[in-house]
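Below is one structure; the comments refer to it alone.
Laboratory data are not the source of any read-out in this text; all were calculated from the coordinates shown. Remember, it's a predicted structure, so these values are computed and weren't measured experimentally. Cβ coordinates were reconstructed from backbone atoms using ideal geometry, including for glycine residues, and neighbour counts include every protein chain displayed.
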Amino acid sequence: MNGGMSRRRLITTGLAAAAGLSGMAVAARLARKYGLVPPDGGGPYGAGTTLTYAAQRVLTRHTLAREFPRGMISKRPFANGAPPTFEEFTKLQAGGFSDWRLEVNGMVSNPGSFSLPDLRSLPPRSQVTQVVCEEGWSYIAEWIGTPLSLILQTAGILPQARFVVYYSIEKGMWDSLDMADALHPQTLVTYGFNGGDLPVRFGGPLRIRVPRQLAYKSVKYLTRLTVTDDLRNFGKGLGSASAEEGYSWCPGI
Ligand SMILES: Nc1nc2c(c(=O)[nH]1)N[C@H]1C(S)=C(S)[C@@H](COP(=O)(O)O)O[C@H]1N2
Ligand SMILES: [Mo]
């Protein structure tokens, strides 16, 4: 039996035929039927956004972002923006981040929080990947951390979970991933960078890294994960702060 593959082929063929024959609206209808509509799939560009997302999900669900040899690590990686200066952050920083917590709640059987040592006690993964900003610049660095899938597994993610919403300690900085990206082996919650601790200017002490997507999905100063089956109750329902500003929710590289 290879039901997954034949279903995938069926959907791919259907999407391609629909897009070619009768325009993107038909493809969008087909995507909806198979649960492949992104949260920002409404509005004037909705059909195009949906077609892109649905095609990516069907064709590239399991593909890996490129990993580079260590010799290609950028000599001068560019940190975009300045670290937080508000007291909630600087107090934690003054304490060596020993009180930093990653809270996990929503559709999990064991809601709770992870300290940095808790995360470091889980099996780490290291990868050398490229950070690509939507503005056109990029750099290559080594990222060390815990696969998000392992954190979700430890928290007891429930079968009806469909998205993971994640928050920075910086107010208003939040984003989300579908399960394909949340459980993807290269999606990490990172605390290490180029062999050492993750520097504050690169998002330390904790940053999510989503190397298959543009860098704005890689939110710095990570403090909370909320597992859900419905993004409509978060913000304006578009899945992220960036999407509310007009950026794509699923900006694949
Ligand atoms: N908390 C937080 N995360 C963030 C941002 C931010 O301003 N605040 N900027 C995003 C954007 S637009 C980019 S390009 C990358 C920059 O990552 P870098 O500083 O490692 O270059 O971080 C992303 N994550
Ligand atoms: Mo960016």
*Place a +1 charge on the Cβ of each Lys and Arg in region 86-138 and a -1 charge on the Cβ of each Asp and Glu, then give the dipole magnitude about the Cα centre in debye, rounded to the nearest 20.*
300 debye
*Potential extension, residue 103-residue 34 segment - 0.36 nm per residue separation minus Cα distance*: 21.7 nm
*asked:* Considering all alpha-carbon pairs of region 120-201, what whole percent are spaced by more than 15 angstrom?
replied: 65 percent
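Can you list the GluC sites (Glu not before Pro) in region 121-172 that are in a DSSP coil and have 13 or fewer other beta carbons within 10 angstrom?
Numbers: sites: 134, 135, 142, 170; in loops: 134, 135, 170.
Here the sparse-neighbourhood loop sites are 134, 135.
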*In debye to the nearest 20, how big a dipole does the chain give about its Cα centre with +1 on each Lys and Arg Cβ and -1 on each Asp and Glu Cβ?*
780 debye
*Which value in nm describes the separation of the simple spin-label points at residue 85 and residue 180, placed 7 Å from the Cα toward the beta carbon?*
4.2 nm
*Restrict the search to region 32-64; then list the trypsin sites (Lys or Arg not before Pro) that DSSP places in a loop and that have at most 15 other Cβ atoms within 10 Å of their Cβ.*
61
*asked:* With a 10 Å cut-off between alpha carbons and a GNM built on the chain, which of 103, 67, 87 moves the most?
replied: 87
*Relative contact order, percent, the chain [alpha-carbon distance under 8 Å, six or more residues apart]*: 19 percent
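In a shell of Cβ-Cβ distance under 15 Å around residue 225, excluding residue 225 itself, what net charge do Lys and Arg (+1) and Asp and Glu (-1) give? Numbers along the way, then the final one.
Numbers: positive: 101, 162, 207, 209, 217, 220, 224; negative: 103, 118, 175, 178, 181, 229.
With Lys, Arg at +1 and Asp, Glu at -1, the neighbours total +1.
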*What is the spin-label model distance, in nm, from residue 245 to residue 115 if the labels are put 7 Å beyond Cα along the C-beta direction?*
3.5 nm
*Got a sec? How would 154, 90 order by Cβ neighbour count within 10 Å, fewest to most?*
90, 154
*Given DSSP loops and a limit of at most 14 other Cβ atoms within 10 Å, what is the longest stretch of the chain that contains no such chymotrypsin sites (Phe, Trp or Tyr not before Pro)?*
138-253
*Please give the net charge around residue 116, taking every other residue with its beta carbon less than 11 angstrom from that of residue 116, where Lys and Arg add +1 and Asp and Glu add -1.*
-1
*Tell me, Kirkwood radius of region 53-132 from alpha-carbon pair distances, in Å?*
17.1 Å
*asked:* As I understand it, the dipole of region 70-244 uses +1 on the Cβ of Lys and Arg and -1 on the Cβ of Asp and Glu, about the Cα centre. Which of 71, 163, 122 lies farthest toward its positive end?
replied: 71
*For residue 160 and residue 229, calculate 0.36 nm times their separation in residues minus their Cα-Cα distance, and state this gained length in nm to one decimal.*
24.2 nm
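How about region 98-176: which trypsin sites (Lys or Arg not before Pro) there are in a DSSP loop, with at most 13 other Cβ atoms within 10 Å of their Cβ?
Of the trypsin sites (Lys or Arg not before Pro), the ones in loops of region 98-176 whose Cβ has at most 13 other Cβ atoms within 10 Å are 171.
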_Residue-averaged [θ]222 nm for the chain, counting only DSSP H segments that reach four residues, each worth -39500 (n - 2.57)_ = -8500 deg cm²/dmol
*Between 109, 176, 149, which gets the highest mean-square fluctuation from a Gaussian network model of the chain, Cα cutoff 10 Å?*
109
*Anyone know which of 46, 235, 96 comes out most mobile in the 10 Å Cα GNM of the chain?*
96
_Compute, for region 160-246, the length of the dipole vector about the Cα centre, with Cβ point charges of +1 (Lys, Arg) and -1 (Asp, Glu) only. Units Debye, rounded to 20._
160 debye
